[in-house]
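Following: one structure in structure tokens, then a few remarks.
Values quoted throughout were computed directly from the atomic coordinates according to the rules given, and no laboratory measurement underlies them. Quick caveat: nothing in here was measured; it's all calculated off a predicted structure. Here the Cβ positions follow ideal geometry from the backbone for every residue, glycine too, while neighbour counts run over all protein chains shown.
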Amino acid sequence: MSRPSILTLTSQVLRDPQAVVVAHDTPADLGWLAPRLLAISGVGAALFGAVVGSYRGGEQVLYAAMKLPILLWAPPLLALPAIHAAWRACDVEVSYRRLAVASLAGMARAGVLVSALAPILWLPYSVEVEYHFSVLLFAGMLVLAGLPGLTAIAGAIPAGGHRRWIAATGSLALIGLLLAQTGWLLRPFVARPTTAVALLRPVEGDILSGLGTTLTSSLGLYGDWDAGRDGLLAREPR
């Protein structure tokens, strides 16, 4: 069987990722497919990251472009063992290989979508919108692009099983939580103009407290914690 070009494969994962999973279900296919899907997702995420980093400019453009692919790759791959166990517990027989291909296809789909959203994100960034709003806009676009990628993974699971909705809900929740926490560890992506540029910030708190503080700060409500200074969270004096 002839194998598609990288452009054809990009179109396929965007339009019908389940078909990609079904058509490439052998060890040889996985070895051929994996680097190409990683490249598709990585390039798309890097383009989006460069736009995110453009809010600050300079080195932050490069830093954000480097970190966005990791943010896209890590959560689905780290969650594979737990997802496989959840589906097995619900009497759904699915191989690690099929889950791996589905995860790669989902990441590639998300990468294409975030690259398409990059120009939309650049427009408000180019007119220097308020910092906290820019962070929430970035997070919202990641969610908007990530959901179709997650559904691509769920759609590749075979039919049948006992209470499969539990495994599906748990799998999506786990990937979402890992995505959020990975982003927390890799912060900042959007760097405040008044702080020094840094590749990574010290770990303080967690993603839930950080997003909550960002939301309240965007409304002009400040406390001991200000999510703005280092991309999502940092301590500042009152």
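Basic side chains Lys and Arg get +1 at the Cβ, acidic Asp and Glu get -1 at the Cβ, and with that the dipole of the range 6-192 about its Cα centre reaches some 160 debye. Within the range 1-99, the ratio Rg/Rh, alpha carbon atoms throughout and Rh by Kirkwood, equals 1.06. Normalising the Debye intensity of the range 46-160 to I(0), with uniform scatterers on Cα atoms only, and taking log10 at q = 0.15 Å⁻¹ returns -0.69. Sorting Phe189, Phe138, Phe48 by the number of Cβ atoms found within 10 Å of their own Cβ, with the fewest placed first, yields Phe138, Phe189, Phe48.
Working ranking of peptides 128-134, 76-82 by packing, defined as the average number of other Cβ atoms within 10 Å per residue, highest first, is 76-82, 128-134.
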